[in-house]
Amino acid sequence: MRVLGIETSCDETAAAVVERDSTGRGRILADVVLSQIAEHAAFGGVVPEIAARAHLEALDRVIAAALHESGLALSDMDCISATAGPGLIGGLIVGTMTGKALAYACGKPFLAINHLEAHALTPRLTEGLSFPYLLLLVSGGHTQIVLVRGVGRYERWGTTIDDALGEAFDKTAKLLGLPYPGGPAVERAAADGNPGRFVFPRPLKGESRLDFSFSGLKTAVRQAANELAPLTDADVADICASFQAAVADTLADRVARALNRFREQFAAKATPALVVAGGVAANTTLRARLDALCHASGFRLVAPPPRLCTDNAAMVGWAAAERFARGERDALDVAPRSRWPLDEAAAPLIGSGRRGAKA
Ligand code: KG4
Ligand code: ZN
């Protein structure tokens, strides 16, 4: 089975062709990602209207490049898929309309994919991981601990009650005058810093619920920066290192609890796995901390290659392949959703309302 995947939910315009064989093994035949970082850098963050227009401008070329790279034609696809949420609605409209139009024009089934599900199923594409497993998704838009029981069966165990972790990195960078995207800049600055100079809060640490909070940490960083202004390079490095240390402690505390809970529920699972995904998973300090934690708890830490941890369309095509293999298809009147929680049953913690839960 061959699937075209389209991803336009944030600031990456991406298209990919993936293959799934009858035993369920996956292979990426083409994977094209066009980043819009340059378009948004001057604004210190993603500007939705600019993102939507950039997707519109680039998407047909990106799809053509993916097909070319795979050596296949649209007529060779078994189905066409696009991310339909959650994300920035302008980009989602561009991606889903394009996907539906292609599906209609060549008479192929269409699948509307949840972006979070695509992240969640990626380790099945990269290494055929078996269910159930735990997922820690840490990106610019999401911070969640999710129990992945099966395709379409997700339980959200924890989420952020305010900022996403990547957002906290980006805001910290911005207030310290570091470039966008903030995560890599903060990590680079932290490498020369003293993580013990500032004792920033570890929000929710020690609480039994598995949720996250980062806005208090951000405020503490701002206060420290204001008190010291003007900042020297050494001050910036120390603040970044101390911020990262606080984040590592918080993550380790929440994740340790999640691993224990998983153990209690799935005592029979011989080698349980924790999957990390999302742009923040690229951070080596955080990665090392999670690695040590998993090692001590008898878990395997599974981190898809960085290219598949951040936003891409191979994961979208793969999620579609898993659903398609189960006989699922979507109607062409399916609408994109800016908010689309993986676990619809979980109580929304922020942004509940007419459009549904934000996280
Ligand atoms: O998954 P991603 O590429 O896009 C979405 O948000 O969906 O994640 C981007 C986020 C940004 O907030 C960026 O600052 C953060 O991931 N990030 C990092 C690092 N690299 C990227 N955060 C911390 N350390 C890094 N090395
Ligand atoms: Zn993502």
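How long, wide and thick is segment 1-99, going by the Cα atoms along their three principal axes, in whole angstroms, largest first?
46, 23, 21
How far is the Cα center of segment 107-181 from the Cα center of segment 27-42, in Å?
18 Å
Averaging sequence separations of C-alpha pairs under 8 Å and six or more residues apart, then dividing by the length of segment 202-359, give the relative contact order as a whole percent.
Worked out over segment 202-359, it gives 16 percent.
State in Å² the accessible area per residue of segment 131-304; use a 1.4 Å probe, count heavy atoms of protein chains only, and round to the nearest integer.
39 Å²
Under the 0.36 nm per residue contour assumption, what length would be gained going from the current alpha-carbon distance of Thr219 and Arg53 to full extension? Walk me through the numbers on the way to the answer.
Working: separation 166, 0.36 × 166 = 59.76 nm, distance 3.35 nm.
Residue separation times 0.36 nm, minus the Cα-Cα distance, leaves 56.4 nm.
Computed over the Cα atoms of segment 236-325, what is the convex hull's projected area averaged over all directions, in nm²?
Convex hull of Cα atoms, orientation-averaged projection: 7.5 nm².
Compute the Kirkwood hydrodynamic radius of the chain, taking the inverse of the mean of 1/r over all pairs of distinct Cα atoms, and give it in Å to one decimal.
Over the chain, the inverse of the mean reciprocal pair distance is 20.8 Å.
I want the antiparallel fraction of DSSP beta bridges within the chain, as a percent rounded to 5.
60 percent
May I ask you to compute the full-extension gain from Arg25 to Ala64, defined as 0.36 nm times their residue separation minus their alpha-carbon distance, rounded to one decimal in nm?
Fully extending the segment from Arg25 to Ala64 adds 11.5 nm.
Filter the GluC sites (Glu not before Pro) in segment 207-289 down to the DSSP loop ones having no more than 16 other Cβ atoms within 10 Å, then list what survives.
Of the GluC sites (Glu not before Pro), the ones in loops of segment 207-289 whose Cβ has at most 16 other Cβ atoms within 10 Å are Glu207.
Could you work out what % of the accessible surface of segment 131-304 is carbon and sulfur, using a 1.4 angstrom probe and leaving DNA, RNA and ligands out of the count?
Of all accessible area on segment 131-304, carbon and sulfur atoms account for 51 percent.
Can you work out D for segment 131-304 in µm² s⁻¹ from Stokes-Einstein, where Rh is the Kirkwood radius over C-alpha pairs, the temperature is 25 °C and the viscosity is 0.890 mPa s?
Values: Rh = 16.4 Å.
Here the translational diffusion coefficient equals 149 µm²/s.
Considering the Cα positions of segment 39-170, please state its Rg to one decimal place and its Dmax as a whole number of Å.
Cα radius of gyration and Dmax of segment 39-170 are 16.9, 45 Å respectively.
Taking the 0 to 90 degree range and rounding to the nearest ten, how far is the long axis of helix 215-228 tilted relative to the main principal axis of the chain, both from C-alpha atoms?
With rounding to tens, the tilt is 50 degrees.
Take the chain, connect every pair of alpha-carbon atoms lying under 10 Å apart with a spring to form a Gaussian network, then pick out the residue of Val199, Val138, Val33 with the largest mean-square fluctuation.
Val199
Would you work out the charge dipole size for segment 266-344 about its Cα centre, treating the Cβ of every Lys and Arg as +1 and the Cβ of every Asp and Glu as -1, and quote it to the nearest 20 debye? Show your work: numbers first, answer last.
Values: 10 positive and 8 negative charges, 57 e Å.
Here the size comes out at about 280 debye.
The values are calculated or read from the model by the stated rules, or taken from the named source; none is laboratory data. This one's a predicted model, so the numbers in the text were calculated from it and none came from an experiment. Neighbour counts are summed over all protein chains in view; Cβ atoms, including those assigned to glycine, are modelled from backbone coordinates with ideal geometry. Ligands, DNA and RNA are excluded from the accessible area calculation, which covers all protein heavy atoms including side chains. Shrake-Rupley method; radii C 1.70, N 1.55, O 1.52, S 1.80 Å.
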